[in-house]
Amino acid sequence: MPVRVRLPAILRDLPGARATVELSGAFDSVSDALDALWREVPAVRDRVLTETGEVREHVQLFVGMESIRFTGGLATAVPENTEIHIVPAVSGG
Amino acid sequence: MPTVRDLRVRQGQVLLMAGTSKGVFLFAAGPKREKWERGGPHFAGSPAYALGHDATQGDRLLAGVENPFYGPTLRWSDDLGRTWSEETASTLKFPEDAGVSLKRIWQIEPGSRNGTIYAGVEPSALFVSHDRGANWELVRGLFDHPHRPQWTPGNGGQCLHTVLPHPSDPMQITVAMSTGGVYRSEDGGRNWRPRNNGVRVDFMPDKYPEFGQCVHKVVRHASRPATLFLQNHGGLYRSDDNGDTWRDIAKGVPSDFGFCMASHPHDPDVVYIVPLEASLFRCTPEGKLRVYRTRDGGKSWEPLSKGLPQKDANEVVLRDALSVDRLNPAGVYFGTRSGKVYASADGGSSWRLVADGLPPVLCVRAAVIGAPAKARVPHARGAKPTRKSASRPPARAKASASAAAKRKPARRASRSR
């Protein structure tokens, strides 16, 4: 069953981006799923991760309703038929 | 999101760009520089610490834009701010093997070769583009410098904030960073040596180390490239040997602390600064907002206050928030962290408020659109052209005029986000 990645509005104008990107196949981890996302929509990668491969400080990733900050980061498991949400963190001034 | 106000900028007008903590605002006025029209905010919600203008092949505006969530990108506009390149158009980022990530773009500076643009960034590094900002290379010679592990962040971050390409020798580049100090390359960026001899460091046991200075800004005039002026984190300096040695020129200023510094466009002896009280109270001294100007290369300084608030004005002007245009009499501009932008159309002798209520102003850039020499400046009362005025426009401005008619919108252009 596919994994669906929900993109925030501000990233949907990037080339190839849209509100929901469906990824076919099974993924061991968020990192694997994101690799598939970058293949589908390469422009999103640099907006979500830094050059060193870390999730940007003010970006939150959720698998289902759980933030990956508390479930193992990019190594968090991705169940089948689930949604990954990319959202701006509550921060700023 | 706020409505972006369009601004039509015409040939011969002065374009004043203000990068703020919440986007880029544009202002335009005729050569008299009295009435300013306003546009923006572009990239609403995103800080812009660096703005640039390249006129080698038509006017290109460049902006270092820092989406608070999704990181920094370099954007450009070939239609004077009406549309901007897509976020993906520029490759300005660290290569994977560098082991660091781009945090902020601090400086965008055209080089002396057509099409060359430099970017100074945080963490301290220099990038170069040979196609006016699309494709970028990390300048490895500086990034791999053995001193790099000892460069430490100041209050603003570990930033390379000043890039001074030599006006006639493309192999010579001078940069400055906080902290780290001044470095110069004479072989196009392969090798770099610190150039801080005589620049004081108040916050280290060794007051005159080889490097480690917290330099805030360095400027030079194209007609006298061996002379540099430096605003330090405590200290005001001049060098007449291209940075090899420095001597203190902080006589006649209320404080030798400050961030910004600008060179007059036509007179190499004229430099502007905005002193702040001290490192621990970074506000204009005595509650007076005063620009200081030297007209004799740093031997003496005079306060410029006409039109500026002289009571309860606890203002800060950041390192790139002071700029000049190339008209004669020269326009001088600055923005404050309290969101005000001031302009002088007579070389700093008098000032008027261009905008108030902006988000904190981080940087300011002024540019004459088209050829400055063709712009007719009605002399304001009491304002005389500078004696040492340049009668010819710089090469870049000439190119700009000839290419203006061919100007096209930026490829893959978009509205600013």
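Read-outs throughout are calculated quantities, based only on the coordinates presented, and are distinct from any laboratory measurement. This one's a predicted model, so the numbers in the text were calculated from it and none came from an experiment. Methodologically, a virtual Cβ is constructed for each residue, glycine included, from the backbone with ideal geometry; neighbour enumeration extends over all protein chains shown.
Write down the percent of antiparallel bridges among all DSSP beta bridges whose residues are both part of chain A, to the nearest 5. Antiparallel bridges: around 80 percent, rounded to the nearest 5. Once the chain from B:Arg148 to B:Asp131 is taken as fully extended at 0.36 nm per residue, the excess over their C-alpha distance is 3.3 nm. Summed over all non-identical Cα pairs, the Kirkwood treatment of the stretch B:1-46 gives a radius of 10.9 Å. Taking GluC sites (Glu not before Pro) across the stretch A:1-85, the ones in a DSSP loop with at most 16 further Cβ atoms lying within 10 angstrom of their Cβ are A:Glu54, A:Glu57, A:Glu80.
Compute for the stretch B:114-231: radius of gyration divided by Kirkwood radius, i.e. Rg/Rh, restricted to C-alpha atoms, rounded to two decimals. Don't skip to the answer; put the middle values down first.
Working: Rg = 13.8 Å, Rh = 14.5 Å.
When Rh is taken as the Kirkwood radius, the ratio is 0.96.
When only DSSP loop residues count, what chymotrypsin sites (Phe, Trp or Tyr not before Pro) in the stretch B:126-171 have their Cβ near at most 14 other Cβ atoms within 10 Å?
On the way: sites: B:Phe127, B:Trp136, B:Phe143, B:Trp151; in loops: B:Trp136, B:Trp151.
Sites meeting the loop and neighbour criteria: none at all.
In the stretch A:35-92, a dipole from Cβ-located charges (positive for Lys and Arg, negative for Asp and Glu) runs towards its positive end, and of A:Pro42, A:Phe70, A:Val59 it is A:Val59 whose Cα lies farthest in that direction.
Once you have a ≥ b ≥ c as the square roots of the Cα gyration tensor eigenvalues for chain B, tell me rounded if a/c is under 1.5, and otherwise prolate or oblate according to whether a/b is larger than b/c. Mind showing how you got there, number by number?
Numbers: a/c = 1.33, a/b = 1.05, b/c = 1.26.
It comes out rounded by the Cα gyration axes.
Short-range pairs are left out: with C-alpha atoms under 8 Å and at least six residues apart, the relative contact order of chain B is 15 percent. For the segment A:81-88, counting C-beta atoms of other chains within 10 Å of every residue's C-beta and taking the mean gives 1. Label-to-label distance for B:Ser223 and B:Asp97 is 4.7 nm, based on points extended 7 Å past Cα in the beta-carbon direction. In this Cβ point-charge picture (+1 for Lys and Arg, -1 for Asp and Glu), the stretch B:158-271 has a dipole of about 120 debye about its Cα centre.
For the stretch B:12-119, report the translational diffusion coefficient in µm²/s to the nearest whole number, using Stokes-Einstein at 20 °C, 1.002 mPa s, and a Kirkwood Rh over Cα pairs. Value of D from the Cα-based Kirkwood radius: 146 µm²/s.
Tell me the mean residue ellipticity at 222 nm calculated for chain B from its helices only (DSSP H runs of n ≥ 4, each -39500 (n - 2.57), averaged over every residue, nearest 500).
Details: 2 runs with 14 residues, N = 417.
Estimated from H runs of four or more residues: -1000 deg cm²/dmol.
Averaged across A:43-51, how many Cβ atoms of other chains sit within 10 Å of each residue's Cβ atom? Mind showing how you got there, number by number?
Values: counts 3, 2, 0, 10, 7, 3, 2, 7, 11.
For peptide A:43-51, the averaged partner shielding equals 5.
Between the stretch B:353-368 and the stretch B:55-105, the alpha-carbon centres lie 20 Å apart. Averaged over peptide A:9-16, the number of partner chain Cβ atoms lying within 10 Å of each residue's Cβ comes to 3. Per the Debye calculation on the stretch A:48-93 with a single equal scatterer at every Cα and no solvent contribution, log₁₀ I(q)/I(0) for q = 0.22 Å⁻¹ amounts to -0.78.
Think of chain B as a dipole: +1 on every Lys or Arg Cβ, -1 on every Asp or Glu Cβ, centred on the Cα centre; then among B:Val175, B:Pro254, B:Pro360, B:Pro360 lies furthest on the positive end. Extending 7 Å from the Cα toward the beta-carbon at both B:Lys299 and B:Lys251 defines two label points whose distance is 1.0 nm.
The alpha carbon convex hull volume per residue for the protein assembly as shown rounds to 144 Å³.
When DSSP beta bridges are limited to those with both residues in the protein assembly as shown, what percentage is antiparallel, rounded to the nearest 5? That works out to approximately 95 percent antiparallel.
Distance between the C-alpha centres of the stretch B:289-327 and the stretch B:204-279: 14 Å, rounded to the whole angstrom.
Restricting the stretch B:289-354 to trypsin sites (Lys or Arg not before Pro) that sit in a DSSP loop and have at most 15 other Cβ atoms within 10 Å of their own Cβ leaves B:Lys299, B:Lys306, B:Lys311. Taking amide H as placed 1.01 Å from N in the peptide plane, B:Ala355 has its amide H under 5 Å from the amide H of B:Val341, each at least 5 places away in sequence or on another chain.
Return the inverse of the average 1/r over all pairs of distinct C-alpha atoms in the stretch B:96-152, which is the Kirkwood hydrodynamic radius, in Å to one decimal.
Working: mean 1/r = 0.0836 Å⁻¹.
With all distinct Cα pairs of the stretch B:96-152 included, I get 12.0 Å.
On a per residue basis, the convex hull of the C-alpha atoms belonging to chain A measures out at 95 Å³. The phi-based Karplus calculation (6.51 cos²θ - 1.76 cosθ + 1.60; θ = phi - 60°) puts the 3J(HN,Hα) values of the stretch B:26-37 at 10, 9, 9, 8, x, x, 6, 6, 9, 10, 10, 8 Hz, whole numbers, x for Gly and Pro.
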